[in-house]
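Single-structure report; data block below.
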Amino acid sequence: MAMTADEIAAMIRAGIPGAEVEITDLAGDGNHYAARVVSETFRGVSRVRQHQAVYAALGGHMGDTLHALQLTTAVPD
């Protein structure tokens, strides 16, 4: 079952409270998305750990209902 952009954003926000999340459906098929996640909790944290936090927030949906996620993370200005 494909996920919607709103469902993905909600899962990320639930796992990373206060995160700003922008989701784009890249292929129009509900399986390939780009996500930009900005969170103060990322300050001083390696990019790898930031990405791990996002994937953890998705609760194991990667590869199951969500096939590809082009992920960008950042700290607020």
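Out of all the residues in the range 52-71, which are over 13 Å from residue 8 (Cα atoms), surrounded by 14 or more Cβ atoms within 10 Å (Cβ to Cβ) and either of a type in the set (Val, Ile, Thr) or modelled with pLDDT under 95 (or both)? Once the filter is applied, which keeps residues that are over 13 Å from residue 8 (Cα atoms), surrounded by 14 or more Cβ atoms within 10 Å (Cβ to Cβ) and either of a type in the set (Val, Ile, Thr) or modelled with pLDDT under 95 (or both), the range 52-71 yields nothing.
Give the range 52-77 a look and list any residue that's of a type in the set (A, V, I, L, M, F, W, C), closer than 14 Å to residue 18 by Cβ and part of a strand (DSSP E or B), or say none.
Restricting attention to the range 52-77, the residues satisfying the condition of being of a type in the set (A, V, I, L, M, F, W, C) are 53-54, 56-58, 62, 66, 68-69, 71, 74-75.
Within this subset, residues satisfying the condition of being closer than 14 Å to residue 18 by Cβ are 53-54, 57, 74-75.
74, the sole residue that qualifies.
Within the range 1-29, residues that are at positive phi reach partners that are among the small types (Gly, Ala, Ser) with beta carbons closer than 8 Å, at six or more positions or on different chains, in the pairs 18/39. If the condition is being open to solvent by less than 60 Å² (accessible area, probe 1.4 Å), of a type outside the set (Gly, Ala, Ser) and part of a loop (DSSP other than H, G, I, E, B), then the range 1-51 contributes 3, 16, 31, 45.
The values are calculated or read from the model by the stated rules, or taken from the named source; none is laboratory data. None of these values were measured; they are calculated from a predicted model. Positions of Cβ are backbone-derived with ideal geometry, glycine not excepted, and every protein chain shown enters the neighbour counts. Quick note on the areas: whole protein, heavy atoms, side chains included, nothing else; ligands and nucleic acids left out. Shrake-Rupley method; radii C 1.70, N 1.55, O 1.52, S 1.80 Å.
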